[in-house]
Every structure is written in structure tokens, then in C-alpha cells.
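Notes follow once the structure below has been shown.
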Amino acid sequence: MTIITRLTQETINRIAAGEVIERPAAAVKELVENALDAGATRIDIAIEGGGIARISVIDNGSGIAQAQLPLAIERHATSKLRDDALIHITTLGFRGEALPSIGAAARLTLTSRPAHQDSAARITVEGGVISRVSPIAAPFGTSAEVTDLFFATPARRKFLRSIGAETAACSDIVRDLALAAPAVGFAFRVDGKTQFDLPPQDRRARLAALIGHDDAAQLIPIDTGESPLTITGFIGPASLTRAAARHNHITVNGRPVRDPMLRMAVRLAYREVIPPGRHPIAALWLNLAHDQLDVNVHPAKSELRFAEADAVRSTLIRTIRAALASPATSQAAPSLRYYQPARPSMALQRGFAEREIATGFDLPAPALRPITPAPDSSPYPLGAPIAQIFDTYILALAADDTLILVDQHAAHERLTEERLRRERDQSGIARHALLSPIPVDLPAPDIDRLLVAAPDLAQLGLDLESFGPGAVLVRAIPAALDRANPAALIRDIADSLADHGSAVALTARLDAVLIRMACHRSIRAGRRLTAEEMSALLRAMEATPRAQTCPHGRPTVLRLSRDALERMFGRAGL
Ligand code: ADP
Ligand code: MG
């Protein structure tokens, strides 16, 4: 016979705490949303130790009356929900869950003073235990201070990533919020250091302050005008990409969201115009009727459900593509911006090299290192190397008068990857036993993931085992990577396993590991190569199928034929 009992309120709160506040960034988000809901015009945010040690959010909003303070930290108590059908939700909060959840997991001190109240009052919750309300001197507005997050829910604490990763997540959330509400002044401090301190601004100025003025100057404005789905904001041109998707800010009806469907739509819109592995910049504000949107689908309110999801997705994609294709935008980057000697390689990547050379921009002496004497014409498809440029690209000349440029790192990465794959498929990847095994310390979740994957990693030539609570011991690495730093390699593989979580099929995860490994062995961009090394690389590329792109899909080789040159100089047909 089973016996059904009611959970205590304390247990209920702890369970909910795990859903609503899954990491420090979620607590930051809830506290800042409360400040915005309170009509603040200035919000000061500070975190310490990744937000685990301390989070402080101070606002100048409407405040909480002394008599209401105990209610504010009670579950399902809210001043916001006027619509029991949950349709017309205009505030960021509405469930009355954030403060009690934070109070159940941490030590929370709430100090508040509404405009009509002579002095402020304070209440404290520690692991769900509530103190009495006491008067205290404080300015108008509300201050929420959270310390020792998850001290009362150690299971949750175990799943946190490194302090650095938690800090980055908090910082991403604060940026999203600062963009969603540019008219509100925002200051953000990390471990005592000011990250930004922004006055009330318009959207473009706020964006520029957050992503940098250079990049912001190139952005393309978007404005669909009034329609059932209004989309406004800014997107980056295809030439302006970043290595991470951090600058993909979407605000829906004033609510900053990280909604997978919307993010995927942005990626799709750019798919054909930016290289794989790169991410566009976008800051978009979507507005639609409240009954077209359900915000109550995710405990952290970061995902949405649209009544007409397909229409939203296709409108978003179409709008971005149209903006990317409009003639005005292909001229968007004023050429003057490129005459900055400090960033010659950036300019080259963006295809403006001609202008710099034409204006007499001097290449710094070591940028081009010719091979002397110049080699004879070469029978090989990728030709003979004639110089190394920026210590990064090999310039070669083929017998048919084609100029060849090879990205040495990307090309070598592909060669290493192919070698590892070949070994794996034939005889198994050869391992190189370390003379003295190397301990690598890592956060617990990373160790767990590595140990779970250990039998599969062994197939890839990587032997590791458990080594006390905070470390793994590396005994062997693939022979092809004998010059790699084992600790850096293991940390990267741990990241790769975290990125490609268990939801992804094992083969896909191991493929990602293999590609990461290849990167570790490869010749770095920035390394000087001898003429022999350059030739060897070109010859190995000719012998390797798929050598035309790197494992991430970027090209490894660019070609400029004599015909193409003559056309560009207007000599063709003379
Ligand atoms: P919700 O935001 O969903 O209502 P919370 O637990 O976040 O739930 O907050 C509970 C209540 O406490 C809010 O409804 C609001 O009345 C009050 N409150 C919380 N933070 C603030 C703040 N910074 N300024 C004014 N009132 C606040
Ligand atoms: Mg709230």
C-alpha cells in the first residue's frame, strides 16, 4: 500500500526554487525584472563570485510598503496579476515565485521604501526561514541582496559551472535586460569592477555601448512598421560576425527572451551568407497582440509560445533577409573606417584590401615574408609557395598562373582531423602514453561528463581516469597530438561534451571531440613557417580529400586566376 502525504511548504519552495532559479543568472534576471516592473529609471546590479557569493540589485522604483514585505516573499503572492486567464500579461513577473524561490535557496535581504513612507523597512529570508520586519534607514526604492546562493539546496549547487561561466551567464542576462529597456539607466559591477554604467539612452546608443561603437556603426536598421507582428531594431551585415551567439538579443513585448525558435529563425536568415560556426549580431524588438503570445510556458519565462509560430518565424526570416539584401546596406560600411593601420588583417577579411593598398597603407615589415630565391613554376595544383603573409597565410603560384592563398591553421586542422579519422577507422587511433600521467583539475560536472565518456574517449586514443574529487588523471593522448598540452586538451574536450549534451547522439559528440582534438595539434595562425613546411602543407592538402574546407566548414584555400585579375583591373579584352 502506498501512502500519499502532502509536501511541506518548505519542500515545495525548494523544488520550485530549482525550477525558477536554476543558476545565479536566473536570480539576477528575476530581481532586475522586478525593478523594471516597479518602474525604476535606474538599476544598479553587482555580482561577486559568479553570483553565487553575492548578488545585489538596487532600484529607484515604486518600492514595497512595510506591511507588504512579508507577502512579497510568500509563494504565489504578487501585486501584478490582474488577469486570471493569463492573457493580458504586461509585466515581466506575474507568478509571485521569484522572491520565495530565492529565499528558499539562499539568504535574501529585501530593503524597501515607497515614496509615501517615512523610513525604509527590511526583511530577511535564509533557506526559507523568514525574519521579522524591522525599520532601517535607506533611500527610496528597493534593494535586494542575495548571498550564498544554493547554500540550502546543495544538489543544485553541484550543477553549477565554473565561476567564470556563471559570471558570463549573468553578464549575458544583464545585457539582454539593458537592451530590452534602454530608457532605464543600468550599472553593472562584477567583483567590484564596473562593467558598464549607462544613462537612459535610445536603442541605438544602448546597443553601441554594449557591442562597441565600431560594430554598431555598421548595423542595418529594421522596421516593419505597424503590423500584426511589428519588428524593429538592428541587425549586422553579413560581414560582421562573432564567434559566439552572445549578441543575439530578442525582446518580445518588452520581455527579453532566449527563445530557441526565434534564435533559430535569425540563424536561418543568415545561413547562406555567413560561414558556419560564425554568428550574426542582432538586436530585435518584436511586438504583437498579447493574446497571440503565451509567456507562461517556461519556469524561467525565457521561452514563449506563439499562437501563430510559423507566421512569426517566416516573417522574421523574411524581414532579416530583405534588410540584408537591400542596396543601401551593401554600402553600409563607410570605407573610411578601414584606413586604420592597427587592424590590417580585419580589413583584409572584409575584402577591402585593395583600398588600403591603393591608399598607400604600408604593410609592417614582417607581414610579408618572401621566399628567396623565388621557386620555379610548379607542376602541382596548389603551386609553389612564394611567401608567407601575416604569419598566417601561404601565398603560392600555380603553373596555370593562378595565385593561391592558404589559411595555414584551417588547412592543417583539416589534415590532422583526416589523419585521426583514418586511424580511427582503420587500426584505431595510436596512443602516446605519458611518461608521468598528468592530473587536470576541473569542476565536478565536467569530471562527471568526462568519466561517463571515458570508454568512448579511449577509442579516440585518450586514456583518463578518476583522480580524487576535483581532478582526472590523463594517462595517454592520441599520438597525432603528441605536442599538445594535455590539460588544455582535456578542458576543451570537457567543454565540447558540455556543449553537445547527452541529447546529441554519441557519434556526433565524438565527432565534435575529434574536431576539437585536431585543433590542438594544428599549426597556429601566427606561426612562421619555413619554405619546406609550406611546401609540405600544400602537398599534403593535394593528397587529402575535403582539404578545401576546414572541419568547421570555412574555406582553407582562395584562388585568384590571371583572368580574374585582368578583369578586376579592367584589362580583359584589351
Ligand atoms: P512577481 O514578480 O511574479 O510578482 P516576485 O516574487 O518576483 O513575484 O515578487 C513578489 C512581489 O514583490 C511583486 O509582485 C512586487 O509587488 C514586489 N516586489 C518585488 N521586487 C520589487 C521591487 N524591486 N520593487 C517593488 N516591488 C517589488
Ligand atoms: Mg518577479
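Here are the numbers:
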| read-out | value |
| --- | --- |
| ALA216, sole failed condition from (1) surrounded by fewer than 15 Cβ atoms within 10 Å (Cβ to Cβ); (2) closer than 25 Å to ALA169 by Cβ | (1) |
| Helices (runs of 4 or more DSSP H) wholly inside the range 84-188 that include at least 3 residues being of a type outside the set (Asp, Glu), closer than 25 Å to PRO199 by Cα and within 16 Å of ligand 1 (Cβ to nearest atom) | 163-180 |
| Test: GLY63 is crowded, with 19+ Cβ neighbours inside 10 Å and touching a Pro at 6+ places or on another chain (Cβ under 6 Å) | yes |
| Selection from the range 11-31 of residues that are assigned to a helix (DSSP H, G or I), more than 11 Å from ligand 1 (Cβ to nearest atom) and at pLDDT 90 or above | PRO24, ALA25, ALA26, VAL28 |
| Within the range 58-78, considering residues that are assigned to a loop (DSSP other than H, G, I, E, B) and of a type outside the set (A, V, I, L, M, F, W, C), the one nearest to ligand 2 (Cβ to nearest atom) | THR78 |
| Residue match in the range 463-485 (condition: crowded, with 21+ Cβ neighbours inside 10 Å, β-branched (Val, Ile, Thr) and out of contact with any strand residue (DSSP E or B) (no Cβ under 7 Å at 6 or more places or on another chain)) | no |
| Flag for SER171 being at negative phi, of a type outside the set (Asp, Glu) and either surrounded by 16 or more Cβ atoms within 10 Å (Cβ to Cβ) or over 29 Å from the mean Cα position of the chain (by Cα) (or both) | yes |
| Test for ARG113: is it within 15 Å of ligand 2 (Cβ to nearest atom) and crowded, with 16+ Cβ neighbours inside 10 Å | no |
| From ILE47, ILE130, ILE55, residue being of a type in the set (Val, Ile, Thr), surrounded by 15 or more Cβ atoms within 10 Å (Cβ to Cβ) and within 15 Å of ligand 2 (Cβ to nearest atom) | ILE55 |
| Some residue of the range 90-107 being at pLDDT 90 or above and of a type in the set (Asp, Glu) | no |
| Filtered residues of the range 79-94 (kept if more than 33 Å from the chain's Cα centre (by Cα) and within 13 Å of ligand 2 (Cβ to nearest atom)) | SER79, LEU81 |
| Complete set of residues in the range 529-574 that are without any contact (Cβ under 8 Å) to a residue 60 or more places away in the chain and assigned to a loop (DSSP other than H, G, I, E, B) | THR530, ALA543, GLN548, PHE569, GLY570, ARG571, ALA572, GLY573, LEU574 |
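Conditions (1) among the hydrophobic types (A, V, I, L, M, F, W, C); (2) touching a residue at least 40 places away in the same chain (Cβ under 8 Å); (3) within 23 Å of VAL125 (Cα to Cα), marked per residue:
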residue	(1), (2), (3)
ALA65	yes, yes, yes
LEU81	yes, no, no
THR90	no, yes, no
ARG95	no, yes, yes
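The values are calculated or read from the model by the stated rules, or taken from the named source; none is laboratory data. Since the model is a prediction, treat every value here as computed from it, not as a measurement. Because the Cβ atoms are built from the backbone with ideal geometry, glycine has one as well, and the counts that use them run over all protein chains shown.
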